[in-house]
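Colleague: Sharing a structure with you now.
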Amino acid sequence: MSYAQYAFISSYLKGEESKVVTSDHIERMLKTSSIQDALDAIRDTDAGSYFEELTIKNFDDLDEHLWKYFVQRVNYVEAFKFLPRDVLKLSGAYIAKYDVLNIKASLQSISTGKKSRLIPVGTIFDHGLLEELSAIRNLDGIIELLCYCKLGGYIPAVEGYEPTGGMKSKLLTEARLDSEYYKSMLNMARGIKDGAVLSKAIGLLIDLTNLQIASRSVIEGIGTDAVECTIPGGYMITEKDIQDLLSFKLTDMPQRLENPQYKQVAEEILISYGKTSNITAVDETIDRYKFRLLKELLSPRLLSPLVMAWYLVLKEFEMRNLRLILKTIADGIPTEAIKEYLVL
C-alpha cells in the first residue's frame with residue numbers, strides 16, 4: 001500500500017480528532033439542564049453539527065440518532081475509494097464487537113423473558129435482522145440467525161448457554177463470546193501493518209477484561225469457579241494469576257497484583273465500589289483504564305492502519321460520554337452525580 005494512501009487517511013482521521021467532544025465541551029454540557037441546551041454546548045463539534053439538523057423528542061429518539069451518527073462516521077471512512085486494505089480489515093473486525101454485545105443481550109432476553117434493547121451496529125444490523133434477533137426466544141433461533149449472517153464462530157458459545165444456569169452460566173457464555181471476538185481480532189492483527197502493536201493493545205484489553213471478571217466474581221461470591229469465565233490471550237495477567245485473585249477478597253486484590261498499573265486499577269475499583277456498593281463501579285473503572293491504555297498505544301501511530309483503531313476507540317468513548325450525560329439530563333438527575341463516571 002502506498003505512502004500517499006496512508007498519508008491521506010492519517011491526515012483525515014487526525015483532522016477528525018479535532019472535531020470530537022472534548023473535556024471543555026463536557027464541562028459546558030454538565031452545566032445545562034435540558035437536552036437542547038446540552039446539544040447547543042457541542043454545536044462546534046462533528047456530533048453537534050449532526051444534531052443541529054434534527055428534532056429530538058426524548059432520550060430514546062436521541063439514542064437512536066447517536067448510533068446512526070456513529071455508523072455514519074464509520075461508513076464514511078470505509079467508503080473512501082483509496083482506503084488502504086488493512087484499514088478496512090481492521091474496521092470490520094473491530095465493529096464485530098457490536099454483534100457480540102447484541103448476542104449477549106439476546107441471550108439475556110431468553111433468560112428473563114424481557115425484550116432487550118439492541119445496538120444498531122454490526123453485521124446482524126447490516127443484514128436487517130436486528131428486530132428479528134430481538135424477538136427470538138430460543139437458542140436454536142439465535143444459532144440459525146448467526147449461520148445466516150456468517151457469524152458461525154460464535155455458535156459454540158451460544159450452544160453452551162444454559163438459560164437457567166444463573167450468573168455463572170452467563171459469565172461463562174459471555175467470556176466464550178469475548179474470547180472468540182478477541183481471537184478474531186488477534187488473527188486480523190497478525191496480517192496487517194503494525195499488527196504487533198495492535199496485538200499488544202488487544203492483550204492489554206484482555207488483561208483488563210479478566211481483572212473485571214475477577215472483581216465482579218469476587219463481589220458476587222462466585223469465587224474460584226469463575227476461572228472458567230476468563231479469556232485466554234492476555235498480555236501480562238495469566239490464568240494462574242486470575243485463579244489466585246479469585247481466592248481472595250476484593251480488599252486483598254491490589255497487593256496481589258505485581259504490575260503497578262494493574263495494582264492501581266484494583267485500588268481504584270476498591271475505592272469506587274466502597275463508595276457506592278454498586279457493582280457497576282467495576283465496569284466504570286475498567287472502562288477508564290481501557291481508554292488510557294489504548295490512547296497511549298494507538299494515538300501516536302501515523303501512516304498505519306492503527307489510526308483507524310484509535311479513531312474507532314475515540315468515537316466510541318465520545319458516544320459513551322454523550323449518552324451518559326444526555327440520559328442523566330433527560331432523567332432530571334443532577335449531572336454532578338455522574339461526573340466521575342465520564343471517560344476523558
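Colleague: Pop out the Kirkwood hydrodynamic radius of segment 263-344 from its pairwise C-alpha distances, inverse of mean 1/r, in Å to one decimal. Provide the component values of the computation, followed by the final result.
Modeller: Numbers: mean 1/r = 0.0708 Å⁻¹.
Answer for segment 263-344: a Kirkwood hydrodynamic radius of 14.1 Å.
Colleague: Here is a further query. Loop only by DSSP, 16 or fewer other Cβ within 10 Å of the Cβ. Give me the trypsin sites (Lys or Arg not before Pro) in segment 240-270 that pass, ordered by residue number. Don't skip to the end; give the middle numbers.
Modeller: On the way: sites: 240, 249, 256, 263; in loops: 249.
Taking segment 240-270 and a limit of 16 other Cβ atoms within 10 Å, the loop trypsin sites (Lys or Arg not before Pro) found are 249.
Colleague: I've got another one for you. Quick one: putting +1 on the C-beta of Lys and Arg, -1 on the C-beta of Asp and Glu, what dipole do you get for segment 1-111 around its Cα centre, in Debye to the nearest 20? If you can, show how the numbers build up before the last one.
Modeller: Details: 13 positive and 17 negative charges, 102 e Å.
Roughly 480 debye, rounded to the nearest 20.
Colleague: When the helices in the chain are scored as -39500 (n - 2.57) per DSSP H run of 4 or longer and the sum is shared across all residues, what 222 nm value do you end up with, to the nearest 500 deg cm²/dmol?
Modeller: Numbers: 18 runs with 230 residues, N = 344.
Value at 222 nm, helices only, nearest 500: -21000 deg cm²/dmol.
Colleague: Among 179, 2, which comes first, second and so on when ranked by fewest other beta-carbon atoms within 10 Å?
Modeller: Numbers: 179 18, 2 9.
In order of increasing Cβ crowding within 10 Å: 2, 179.
Colleague: Could I ask something else about it? Quick one: dipole size for segment 193-301, taken about the Cα centre, charges +1 on Lys/Arg Cβ and -1 on Asp/Glu Cβ, in debye to the nearest 20. Display every interim value, and only then the final one.
Modeller: Values: 13 positive and 16 negative charges, 89 e Å.
Using Cβ point charges on Lys, Arg, Asp and Glu, segment 193-301 gives about 420 debye.
Colleague: Assigning unit charges at the beta carbon (Lys, Arg +1; Asp, Glu -1) and nothing else, what dipole magnitude in debye, to the nearest 20, does the chain show about its Cα centre? Kindly include the intermediate steps, with their values, before the conclusion.
Modeller: Numbers: 41 positive and 48 negative charges, 111 e Å.
So the dipole magnitude of the chain works out to roughly 540 debye.
Colleague: Given 236, 215, 328, which one lies farthest toward the positive end of the charge dipole of the chain, if we put +1 on the Cβ of every Lys and Arg and -1 on the Cβ of every Asp and Glu?
Modeller: Toward the positive end, the furthest listed residue is 236.
Colleague: Shifting gears a bit: Relative contact order (percent) for segment 137-275, with alpha-carbon contacts under 8 angstrom and 6 or more residues of separation? Could you put the intermediate results ahead of the total?
Modeller: On the way: 125 pairs, mean separation 24.5, N = 139.
Reported relative contact order: 18 percent.
Colleague: Then there is this: For segment 250-337, what does the relative contact order come out to in percent, with C-alpha contacts under 8 Å and a separation of six or more?
Modeller: Details: 43 pairs, mean separation 12.3, N = 88.
Relative contact order for segment 250-337 comes out at 14 percent.
Colleague: I would also like to ask the following. Defining a contact as two alpha carbons under 8 Å apart and six or more residues distant in sequence, what relative contact order in percent does the chain show?
Modeller: Relative CO of the chain lands at 21 percent.
Colleague: Take each uninterrupted DSSP H stretch in the chain, measure its Cα extent along the helix axis, and return the ones at 18 Å or beyond whose mean Kyte-Doolittle hydropathy is at least 0.5. Before the final figure, lay out the partial values.
Modeller: Details: long enough: 3-17 (21 Å, -0.37); 59-78 (28 Å, -0.69); 97-112 (23 Å, -0.01); 166-189 (35 Å, -0.49); 195-219 (36 Å, 1.12); 260-276 (24 Å, -0.54); 280-298 (27 Å, -0.26); 306-330 (36 Å, 0.81).
Within the chain the helices that satisfy the rule are 195-219, 306-330.
Colleague: Going highest first, how would you order 204-217, 77-90 by mean Cβ packing within 10 Å?
Modeller: Numbers: 204-217: 23.5, 77-90: 16.4.
Result, highest mean Cβ count within 10 Å first: 204-217, 77-90.
Colleague: Something else: Looking at 277, 151, 47, which one has the Cα that reaches farthest to the positive end of the dipole of the chain (charges on Cβ: Lys, Arg +1; Asp, Glu -1)?
Modeller: Comparing the listed Cα positions along the dipole, 151 ranks first.
Colleague: Here is a follow-up. Could you list the trypsin sites (Lys or Arg not before Pro) in segment 1-54 that lie in coil according to DSSP, counting only those with at most 16 other Cβ atoms within 10 Å of their Cβ? All intermediate terms of the calculation are to be shown ahead of the outcome.
Modeller: Working: sites: 14, 19, 28, 31, 43; in loops: 19, 31, 43.
Sparse-neighbourhood loop trypsin sites (Lys or Arg not before Pro): 19, 31, 43.
Bear in mind these aren't lab numbers, they're just calculated from the coordinates by the rules spelled out. In this text the structure is predicted, and so the values were computed from the model without any measurement. Virtual Cβ from ideal backbone geometry, glycine too; neighbours counted across all protein chains shown.
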